[in-house]
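I have placed the structure first, in the form of structure tokens, so that the comments after it can refer back to it.
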Amino acid sequence: MADLQRRDPDRLLPADPETRAIARDLYQRVAGRPIISPHGHVDAALLHFDEPFADPAELFVSRDHYVTRLLHAAGEELGSLGVGDAAPGDARAIWRSLAEHWHLFAGTATGYWLEEELSEVLGVEGEFGPKTADRVYDEVRDRLADPGFRPRALFERFGIEFLATTDDPLDDLAHHRAIRASGLPGRVVPTFRPDAYLDPARPDFGSRVERLLATTASPATFAGYLAALEARRAYFAAHGAVSADHGVVEPVTADLEPGEAERLFQAALAGTADPRQRRAFRAHMLLQMARMSVEDGLVMTVHAGVHRNHSRPTLRRFGPDTGHDIPVPTSFTEGLRPLLDRFGLHRDLHLVLFTVDESAFSRELAPLAGFYPAVYVGAPWWFLDAPDSIARFRSAVTETAGFYRTSGFIDDTRAFLSIPARHDTARRADAGFLARLVREGRLSLPRAELISDDLVGAIPRRVFKL
Amino acid sequence: MADLQRRDPDRLLPADPETRAIARDLYQRVAGRPIISPHGHVDAALLHFDEPFADPAELFVSRDHYVTRLLHAAGEELGSLGVGDAAPGDARAIWRSLAEHWHLFAGTATGYWLEEELSEVLGVEGEFGPKTADRVYDEVRDRLADPGFRPRALFERFGIEFLATTDDPLDDLAHHRAIRASGLPGRVVPTFRPDAYLDPARPDFGSRVERLLATTASPATFAGYLAALEARRAYFAAHGAVSADHGVVEPVTADLEPGEAERLFQAALAGTADPRQRRAFRAHMLLQMARMSVEDGLVMTVHAGVHRNHSRPTLRRFGPDTGHDIPVPTSFTEGLRPLLDRFGLHRDLHLVLFTVDESAFSRELAPLAGFYPAVYVGAPWWFLDAPDSIARFRSAVTETAGFYRTSGFIDDTRAFLSIPARHDTARRADAGFLARLVREGRLSLPRAELISDDLVGAIPRRVFKL
Amino acid sequence: MADLQRRDPDRLLPADPETRAIARDLYQRVAGRPIISPHGHVDAALLHFDEPFADPAELFVSRDHYVTRLLHAAGEELGSLGVGDAAPGDARAIWRSLAEHWHLFAGTATGYWLEEELSEVLGVEGEFGPKTADRVYDEVRDRLADPGFRPRALFERFGIEFLATTDDPLDDLAHHRAIRASGLPGRVVPTFRPDAYLDPARPDFGSRVERLLATTASPATFAGYLAALEARRAYFAAHGAVSADHGVVEPVTADLEPGEAERLFQAALAGTADPRQRRAFRAHMLLQMARMSVEDGLVMTVHAGVHRNHSRPTLRRFGPDTGHDIPVPTSFTEGLRPLLDRFGLHRDLHLVLFTVDESAFSRELAPLAGFYPAVYVGAPWWFLDAPDSIARFRSAVTETAGFYRTSGFIDDTRAFLSIPARHDTARRADAGFLARLVREGRLSLPRAELISDDLVGAIPRRVFKL
């Protein structure tokens, strides 16, 4: 019972008619602007090989943990949804399961995006639900077989000007080289994501560091380790990377003496570091990452405050990234102080802070970004990348930090087909927020127009150094 | 200066006229639907003995700590309001005090409910305030003397289909048996609330456990203790109970080895457990309660994050539940992990999580309920059971978890006459939220209608296994 | 590109036309009422000497850390903005820098106030931005030279009825005596702010306490210290002070035995107290301040939860209060319990709690103020003193605590010219909130009118004992 056929042209805009009219105009200015996606998880191989998308189930369900999580909550086994290494399962049965549970997605961002993808990207019309599951499945399958719906064709149609993937530091970036060589219009670049090489609590930390050191034949010392990380960052930068991304539970930093860092590194490698030492090492490495960003110019993004792979039985059976990362209370003020004392006043460091704890928006992120030249407030992320959440974010952040200390939208998605819907959602939500400020006499219309334009252009370009 | 005479038929609905029109229709669908009240504190004796309500002061003031707390804040002594064991006090004087302080309640949920009770339940007209205190007192007193305003008559008039009380595990449930035998239309069932038997920090823990063990002649071992708890749960289930309720400050769980559990139990009984051990015991018992819920099917509700009886001098003089329970910052993600690792994937466990820390809604409860089949987001509770708070709750939760992972409304009240007003408030607030999503093109009207219906019917029935 | 010429008369009022009409009427009732400013940081010397304001840059930029912080975030050096002890810098160049970065302030409270000051106070017309920087500078400079724009003339024009400054306990209050003697219409009083004398972690704690003891020739004992503090409070009260203000990171209190207090005091004086002892001493002193407030009647205001002078390099170079105080997560429930157990039921203690952690509003402050006669919810403060934040504050607090347990607006400002804009903002925002409650049938219009009046008159007068 989704309204695929008649998407409301004013969708997501404010209810008050006068405000809506202003919002509509602001939105129209930017609706067709190119997409800048400076942080996401699209697989570069997709754009390299340009193979047709697999069946509708794999594309819209099995590979999207936003979707499988709600189906799982409703009682579906992840295995039967095609998650994990098990046999792929019956695509049509998976699709029917989505259709039967479609009411669960009402009001969710995920449901909204799926409707947008079916309707706006694939041109499916009519209702989606249990009764139409098979018809829609067939339509989607046919569309995916059409060359006009291959990844590169869609990339062009979506108007993507810049797309950053997220990559392992040891990735050879061959896909990126191939994409660049292919003449795809628009820039596709890697992002350096070293979490697994910085956290001694990971069981494979030792072996990862060994492989890292091997890339530069560096000695197994802290200096060698830093040199190897720097070399890999340089390799990424040479392949077009503009940023390094860091996912941490606690945004804690520390500025250790070299001797202490060496001792912790050796203990971490030997597997003898205790939890306190591991924490100190992680904290020091986050500061080292900032130091490297100051030196090599890569933007530093921090996605903090998420307990990854919360369900141990699910992790064991289906692996990571299967829909059970759960946020925790998050505070930046004390934890980032050592980093900010050293690098916070550097204008060339761009440190973009993301949180899924809304209480930090007005309490910490806006005040930090409102003083430190290095700090930017990251766009509402993950569970908060949704219309109401975006409105709460702007309301919480703007009165202290304005618009120009925020990062611009990031889609953070591995669901390629959802990219236009996500950016469109942010553009509509921001237009609605700006329109309200105009309607309330807080912003002149020309200023609001300029901001609306900048939010999808000048702002992300400046923050991500494009 | 309350508007008792002309209650606005559109009260609590959104301001924007077009949204309001949609909301009005959604609300009208459910305004008269039966009331399902799966968690509350009505005294079963009320419906057993069906005696007339006492005077207006006792009914609306002395027994309602939502009301006495604001009067107390304004400087009234609790004793002079009829709270505690002191002589009941002059009912008319207490009533006048309420009328004189009526401006304090403007804008509060409590004030709104009182107006609804006076106007909609008792049919009192005109203004309420210092000048009309005596007239309104007389009208209310006369109404309460009318047989049509006795508890059972009101129960029928309110259209209550299901009502759960909250009871001590050792309660013999005689009132519930008598109610069932009386042929009252609608189900009235007990709820198992074992807090006092699970927390070694309570001064009477030892004597309570002794009495508990005596009910089944169980030995004073951890196994005997568990068996006695299981037996009492079975007794409650046999009397119609559908849930067990748990009030905890910290929602922390632990999965201890049997030997360790036995040692902590013995230390707790002996009164020698230190704070750390008591905490571990409580944490283990919360997990044991989930285990029992998996086995006996009782829904598990957790009301977390409240420091009970905050004012020690008030507790000493007037006893517990006298209006000074104060929330604390609350987080579920880490604390519930042991429980969820063991039971979170069980579809038959229904674990409903309530909080009075709004920051946990989008940060933790929606993500948890959006993955774990066992977890449901409890309705906005206590201080958050109010129109704006309900709107914030839906806004924070829906974009991640939708509507069908929430519990449906619970009134949590001991104020019997406030039950219709509370449910009506939630129905209006939810209609307003749904109407906004329709107006913003995020939900089709037929879908919104279905959800509106389900929120007062199918959803609470399924979550509470009715 | 600010709209200085045509300030929207309905600015900050709600979008919905019917709600706006109600809000407009409510606002008009109070728009011209006298200003009561019971907490702020205006320098008393300003009103004593009544000298013309310095150049536009010093007035609107260099001395206002709300303004310099955003310019600093944009990459301007604080030194080049006239902050700190450096040479004052080129006023016109500083002003041009503000104009060039004016887009950064769009949507911020600071930007809104500046526009109000330029337009409503100084009568500057036309746009403000890079192209008009020099013209506006000249106009402002000329206006400031006009005797009608000196501090005392503006004080009268602003309609300030009561203004509290914030002062060091050892201040001789000569400026306040001079102001009183001068016959300025309106009361200007000091506020006792003893933070630096209560916190052993401050490096100059010992020398400060020595000077404090010297004022009363008290012995260097805990009793002597308390007596000296009491004497200074009495001195302030004799000069018209109505309150004592306390800035703390953690709102923690403790009720120590006299012997323990003496030991901690001696260790603090000797500089040998460890962090745990310093924390205990601070906690005990916060409780002692409440005890003194009970005895001498000074209102006790607590501004909690801010990490002051977060950037060590900036503190070293430019001193404190230079724009980098950053909030931290804040909780009152446990920390205030010792204080509230001793004094929370005293009707004559007025304890006003301020936070910059919004999550505490509904979770803790409203519940505390809704029970304890001594507790009032402080108005939205600092980063939260802005239109949307005020709306969120009222929404979070009112449903539990109503309007009459809140403090009334405080401007907390050292920017004298911004006082009318700040109070006007609060009056508009509160009118909008009240109007919504009327439009939603939750408040009668006469009641809303009364509350609107009381919020700017009866409420602050009662809370601050004026």
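The table for this structure:
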read-out	value
The lone exception for A:Gly126 - which of (1) part of a helix (DSSP H, G or I); (2) touching a residue at least 40 places away in the same chain (Cβ under 8 Å); (3) small (Gly, Ala, Ser) it fails	(1)
Only listed residue being modelled with pLDDT under 95 and over 19 Å from the mean Cα position of the chain (by Cα), chosen from C:Leu13, C:Leu70, C:Leu4	C:Leu4
Condition met for C:Leu47 (at the interface with another protein chain (Cβ under 10 Å from one of its Cβ atoms) and on the phi < 0 side of the Ramachandran plot)	no
Only listed residue being in contact (Cβ under 8 Å) with a residue 60 or more places away in the chain and under 19 Å from A:Asp245 (Cα atoms), chosen from A:Leu339, A:Leu384, A:Leu349	A:Leu339
Qualifying residue in region B:242-255 (condition: crowded, with 23+ Cβ neighbours inside 10 Å, farther than 22 Å from B:Phe354 by Cβ and of a type in the set (A, V, I, L, M, F, W, C))	no
Some residue of region B:9-24 being more than 14 Å from chain C (Cβ to nearest Cβ) and either open to solvent by less than 20 Å² (accessible area, probe 1.4 Å) or in contact (Cβ under 8 Å) with a residue 24 or more places away in the chain (or both)	yes
Residue within region A:80-90 that is hydrophobic (A, V, I, L, M, F, W, C), without any contact (Cβ under 8 Å) to a residue 60 or more places away in the chain and surrounded by 17 or more Cβ atoms within 10 Å (Cβ to Cβ) present	yes
Test: A:Asp411 is over 20 Å from C:Leu71 (Cα atoms) and crowded, with 24+ Cβ neighbours inside 10 Å	yes
Among residues of region C:51-79, those that are under 20 Å from C:Leu384 (Cα atoms) and either open to solvent by 20 Å² or more (accessible area, probe 1.4 Å) or more than 13 Å from every other protein chain (Cβ to nearest Cβ) (or both), counted	3
Search result, residues across region A:323-337 that are more than 7 Å from every other protein chain (Cβ to nearest Cβ) and buried (at least 21 other Cβ atoms within 10 Å of the Cβ)	A:Asp325, A:Thr330, A:Phe332, A:Leu336
Sole residue being in contact with a helix residue (DSSP H, G or I) (Cβ under 6 Å, 6 or more places away or on another chain), outside the structural domain of A:Ile179 (by TED's automatic domain parsing) and closer than 21 Å to A:Gly323 by Cα, chosen from A:Gly79, A:Gly84, A:Gly40	A:Gly84
Residues within region A:223-261 that are within 21 Å of A:Ala201 (Cβ to Cβ) and in a loop (DSSP other than H, G, I, E, B), tallied	8
Any chance A:Trp113 is within 12 Å of chain B (Cβ to nearest Cβ) and more than 30 Å from A:His175 (Cβ to Cβ)	no
Single residue of region A:439-458 satisfying the filter (touching a residue at least 12 places away in the same chain (Cβ under 8 Å) and surrounded by fewer than 22 Cβ atoms within 10 Å (Cβ to Cβ)) that is farthest from A:Pro14 (Cα to Cα)	A:Gly457
Test: residue in region A:291-302 that is under 30 Å from B:Pro373 (Cα atoms) and not aliphatic (A, V, I, L, M)	no
Meets criteria (facing chain B (nearest Cβ under 8 Å) and open to solvent by less than 10 Å² (accessible area, probe 1.4 Å)) for C:Ala366	yes
Qualifying residue in region A:270-282 (condition: touching a strand residue (DSSP E or B) at 6+ places or on another chain (Cβ under 9 Å), part of a helix (DSSP H, G or I) and not acidic (Asp, Glu))	yes
Test result for B:Trp95, over 25 Å from the mean Cα position of the chain (by Cα), part of a helix (DSSP H, G or I) and more than 10 Å from every other protein chain (Cβ to nearest Cβ)	yes
Residue within region A:175-189 that is of a type outside the set (Lys, Arg), out of contact with any Ser or Thr (no Cβ under 9 Å at 6 or more places or on another chain), open to solvent by 50 Å² or more (accessible area, probe 1.4 Å) and in a loop (DSSP other than H, G, I, E, B) present	yes
Search result, residues across region B:371-386 that are facing chain C (nearest Cβ under 7 Å) and open to solvent by 10 Å² or more (accessible area, probe 1.4 Å)	B:Phe383
Unmet requirement for C:Phe158, which otherwise passes all of (1) more than 30 Å from A:Ala391 (Cα to Cα); (2) modelled with pLDDT of 95 or more; (3) open to solvent by 40 Å² or more (accessible area, probe 1.4 Å)	(3)
Residues being within 14 Å of chain C (Cβ to nearest Cβ) and closer than 21 Å to A:Ser119 by Cβ - total across region A:391-420	0
Of residues in region C:190-218 being among the hydrophobic types (A, V, I, L, M, F, W, C) and surrounded by fewer than 15 Cβ atoms within 10 Å (Cβ to Cβ), the one farthest from C:Asp245 (Cα to Cα)	C:Ala217
Residue check, A:Ala421 under 25 Å from A:Glu161 (Cα atoms), part of a helix (DSSP H, G or I) and small (Gly, Ala, Ser)	yes
Pairs with Cβ under 7 Å, 6+ apart, first in region A:158-185 and closer than 22 Å to A:Val209 by Cα, second polar (S, T, N, Q)	A:Thr166/A:Thr191; A:Asp167/A:Thr191; A:Leu170/A:Thr215
Residue in region C:338-356 that is within 11 Å of chain B (Cβ to nearest Cβ), modelled with pLDDT of 95 or more and under 18 Å from the mean Cα position of the chain (by Cα) present	no
Residues of region C:307-321 classified as open to solvent by less than 30 Å² (accessible area, probe 1.4 Å) and facing chain A (nearest Cβ under 10 Å), total	4
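The values are calculated or read from the model by the stated rules, or taken from the named source; none is laboratory data. Keep in mind that this is a model prediction, so the values were computed, not measured. Quick reminder, even Gly has a Cβ in these numbers, built from the backbone with ideal geometry, and neighbours come from all protein chains shown. Just the protein is used for accessible areas: all its heavy atoms, side chains included, with ligands, DNA and RNA removed. Shrake-Rupley method; radii C 1.70, N 1.55, O 1.52, S 1.80 Å.
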